[in-house]
1. I need the phi-derived Karplus couplings for segment A:310-325: 6.51 cos²θ - 1.76 cosθ + 1.60, θ = phi - 60°, integer Hz, Gly and Pro marked x.
2. With labels modelled as points extended 7 Å from the Cα through the Cβ direction, what inter-label distance (nm, one decimal) is found for A:Thr194 paired with B:Ile388?
3. Based on the Cα gyration tensor of segment B:154-198, what are the three equivalent ellipsoid semi-axes, each the root of five times an eigenvalue, rounded to whole Å and given largest first?
4. Taking only Cα atoms and a 10 Å spring cutoff, compute GNM fluctuations for chain A and point out the largest among A:Gly363, A:Gly265, A:Gly254.
5. Would you mind counting up the charge near B:Tyr635? Only other residues with Cβ under 12 Å from its Cβ, with Lys and Arg at +1 and Asp and Glu at -1.
6. Could you work out, residue by residue across A:32-41, how many beta carbons of other chains sit within 10 Å of that residue's beta carbon, and then give the average as an integer?
7. Please state, as a whole number in µm²/s, the translational diffusion coefficient that the Stokes-Einstein equation yields for chain B at 4 °C and 1.567 mPa s, with Rh defined as the Kirkwood radius across alpha carbon pairs.
8. On a C-alpha basis, how far is the centre of segment A:253-326 from the centre of segment B:181-241 in Å? Whole number, if you could?
Amino acid sequence: MRTFAPIFTGCLLSLCACGSSAGDSIHIGGLFSTTGPNAQKGFAQLSAARLAVQQINEAGGVLGQRLVLVYRDDGEDLNKGRRAVDALLDHGVPAIVGATSSEITGLAAGVAQGKALLVSPSATQTSLATSDFTTIRLCDSDLVEGRLLGQLGRDKGRRAAMLHHGDAAPGSLASGFAESFPGDALHSLVADRTLEHGQESFRQELTQLLAARPDVVLLDVDPIDGAQVIRDFLTSHSASSVTWLFSHQLEDDGFITAVGAQAFGFSHLGVGPSLPTGRRYTLFAEAYKARFGAAPPIGSYAANAYDAVFLIAGAMVAAGGTEPTALRARLPQVSLGGRAFGPDEWPQLVQALRAGEDVNYEGASGSVDVNAEGGTSAPYDVWSVKDGAITIDQRAVRPRQ
Amino acid sequence: MPAESSAAEPAPAGLDLVEQMEAVEDQLIQMVVSTTKTSRRAEEAPSVVTVVGADEIQARGLTSLADVLRTVPGFYDVYDLAWHNVGVRGVSGGARAAGNVVLVMIDGMPVDDRSTNGNFFGPELIPMAAVDHVEIIRGPASAIYGANAYVGLINVITRKGADVSGARLTVQGALDGSHPGGGGGLMAGGANDWLDVMVAADGLFQDRSGLALPASSPRLGNASDVLSGRGLSLNDRSRPASFFSRARLQRILKGTLSFTASMQSFDSVAEFQDFGPLTHGTRLQRLNQNYRLAWELPLSATSSLSASAGYFHVAPGAAERLDIGRSDYLLLRSASSQGFRAGLEGQARPFEPLDVLLGMDFQLEDHQLQTFDRLYEHDLLAPDGSVIQPAGTTIPGASHGAWASFTNFGAYAQALASLGTDVSAVLGGRLDVHNVYGNNPTGRLGLVWAPPSSAWSVKAMAGASYKAPSAEQLRTQPMAVLDIKGNPSLKAQRAETFELAAAHRLPGGLGEVTVNGFAQVVSDRVEFMQTGLYLQAQNVASEWVVGGELEAHLNLARTLQLKLSATLARTVQRSTDPDLEGLPEVTNPLFPPYQAHLLASWQLPFGGLKLSPELSYVGPRAASQSNALEQGEAYSLPGYLYTALTLSAPPRRLVGETETGFALRLTNLLDQRHAEPGFGGIDVPSQGFTALLTLTQSL
């Protein structure tokens, strides 16, 4: 009986491991907005995840099996997103890289709770990381970005206005921005407009907003609506001297093309995730360009999606299987403390995990240290559009405390 | 370069049955010039070729090249009621391609739209009355003709002035559903011992209004999409017009000088374009012009030299408007091209079994890159009522006025050897050097066994070809978000094709059957992918496509001929990412894996009338990649049955010395509607029943 016990246990473990696998492969989900207003980010994230899966497989795979990415497009639409999440869960994936947007990540977190670990590269909504312990994100929160934008806005003027989707609820980007304009004698918020998605024109909202004579205007909308706002501004209010403050959503080549590459002569600046530096990012960017023909777009969180795959794969190795709760529990062992390994050291990382070592995955996007709240902390870059292209004006900025 | 011999002549009346059959057998000896630039019997030509003659065009009442191609094996036309997107052997050009996978020429002169590399397949290409015959090659022809002779080549050979000898008036009446239309044309020609001239022009008006978006359109699945409430197509009128002229002067500098002018005026309301379906305000206009001066000099009995120079220009018409559904403005497109091409070619027979062809050409193109200006239709008002922009204001689009120059130098050589009377072989190659997309070498090898005394002939061919990225694909600005944006790093799409063909002439003049198989490997296949807020043409995949074609001409009785054609084309292997699942796997987008056409020609016993019924079955066509992504999965449009019937009479003397002829063509007799694959979330409806009466009167 003692002879058969290890064999039985081994078989049981193998069955657990195969719960999310098909034959000799382990499937993980990829939920990205490859259509819709943030498709540039979504497509770059999909590409980066594919690259990570390819590199892991070339370096030996996971648990002796081939890793396969099962991709679904959520179109940044709640109905399509729900169908996509259901399809991935029906497929039996134990972990999902995604989603691109906070809205779909929130939806997926609700649906996937307990069934799959969700690792989003770019869901910045503040409440996401604290709501559910099987959802983590590899980026900082809207609140932090809003505070930084507010502080940059104070440097440009005293009267601020906001144009954004959603509301200015506590924890939102708008609320973080508003902290810098408390309505005291020096700095005040003079207008706050919520925009509906997909309007043909925002001329009316813009005119009413500018009638309050703001010095700075925060624009936190998707690239399609953002481009329409700026085109309406250039058509109707080009004489205005207001300074525009763009959120990370607008750090997108598509936004620039839609406005017109040569049209950015007006006063503006933007904030977005800091472009990583260092050898690991360089290796990632070179491999990305070699495979897809172009560098990963600035502001796309592509490196974060790449790291998400490595983290999930590392957690699988650490857990010796693919059970979602076990993956979540093993993430700190892979991402925090211990001996540092990069994505180019996957075989060594696997060997260390098998030896029971605590490892610290240091990724292409940075340290990806998942904190107790299920998020990471990262700096921002300040950018503007010069000669039709996104130009980084200040690197690795954080809001002042 | 026109063929020396025209296609099938009608069998003369008054002969007995044996003589009739022999005459019909003679008709099957078709000469083609496009394959090797020398006139050869079709069965000896080292390519898979179909010839459609003027008599068939007249008898079936065909008014366009698209009509001609409908029943030619290996071809399939997805018509979005503006552009004909012709695909060949399972390969289509994708969104807004207008059949750019084939090279269309008139008398050897390319007449494509140089901004898009797309072709004109509608009545705007050429007055059909001016066509002597059409040579249609399936398979690669880049080894002689260079870019875009990719999976096919179509050479429209025109009549000589001597054949026209006078003037001919054409009057047409049309009916599309319940919408009347019509048109007309004039052709004149003549010749003496030193000059041969032919001039032709025509125009047509059609109204295709009243069509709905097919229910298969992915965007209709979204109830909140504005498309759901746009109703039927309105004022969907097309006004194609064409002009063609050629003059040949003998004994000029010891040679022959010819001047050719060809104009295509494309003018169509476009209700089913991906960028603005059913917005009721899009009208597309392109005026394409090509002029060529050529000089042919016979050096000896076995050698000749020719030189040519040409100018081309294409630009949008003044009435063009693009309606993307905005209430405040329309778009005006800037996309024009002009340039020169020149060529020098020599043919020689250095010794008896070997014919050598050497040539070079140069092309310089200036492209005004495609940009879109905003035209405000109404006063643009501020909330306080003040006018921000008055109606009629045009705001230039991004990069408006930018130009780019393309240059291409090509050199080619071909050796054609006759190994006895039964076997011939061809070996050729060409190198194109382009300043944007680099060097593109191509080649061909062919072996033909066609003994004149045998009923059988066999061909084996292999060739490489390429489709060049167009100026639009490389550099266009988008109209709006989710529209096509240029990809400056796009590479040429390449194909290597292997073909095996056999033909058998049936005994007793009963007809001929040809059958061929092909396998082609396509590399760097171009598809439009959403890579952000825009679609971009990208080199995404490699694939193997295999298939075959059957073509049979059967003389069942003295007065009854049948023509049968069938096509199989299927992608059997496609490069995929083994680490990725979930992308919709679309194979053979826009092209049916199988289709068959049966045509009959029945000489009625009175009045010289001929009845030509057509019956086609077309298999399912896979949706485009962009629609599959929109739908979330691959899907196909169901197969359909197509019917047509033509009653015609060839020109004959009814009154005095003048000749009168007519053709009444009825299409989609059963008024059955089907859908064709579209782009941008929509599929495209087919036309219903149509009737077209064409009267010709010599003057």
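Laboratory data are not the source of any read-out in this text; all were calculated from the coordinates shown. This one's a predicted model, so the numbers in the text were calculated from it and none came from an experiment. Counting neighbours? That spans all protein chains shown, and the Cβs are built from the backbone with ideal geometry, glycine included.
1. My calculation for segment A:310-325 gives 5, 5, 4, 4, x, 5, 5, 5, 5, 7, x, x, 10, 5, x, 5 Hz in order.
2. 2.4 nm
3. On the way: eigenvalues 196, 35, 5 Å².
Equivalent ellipsoid semi-axes, largest first: 31, 13, 5 Å.
4. Largest GNM mean-square fluctuation: A:Gly265.
5. On the way: positive: B:Arg621; negative: B:Glu585, B:Glu630, B:Glu633, B:Asp683.
My count for the surroundings of B:Tyr635 gives -3.
6. On the way: counts 0, 0, 6, 7, 3, 4, 2, 8, 5, 1.
Mean shielding count: 4.
7. Rounded to a whole number, D works out at 50 µm²/s.
8. 47 Å
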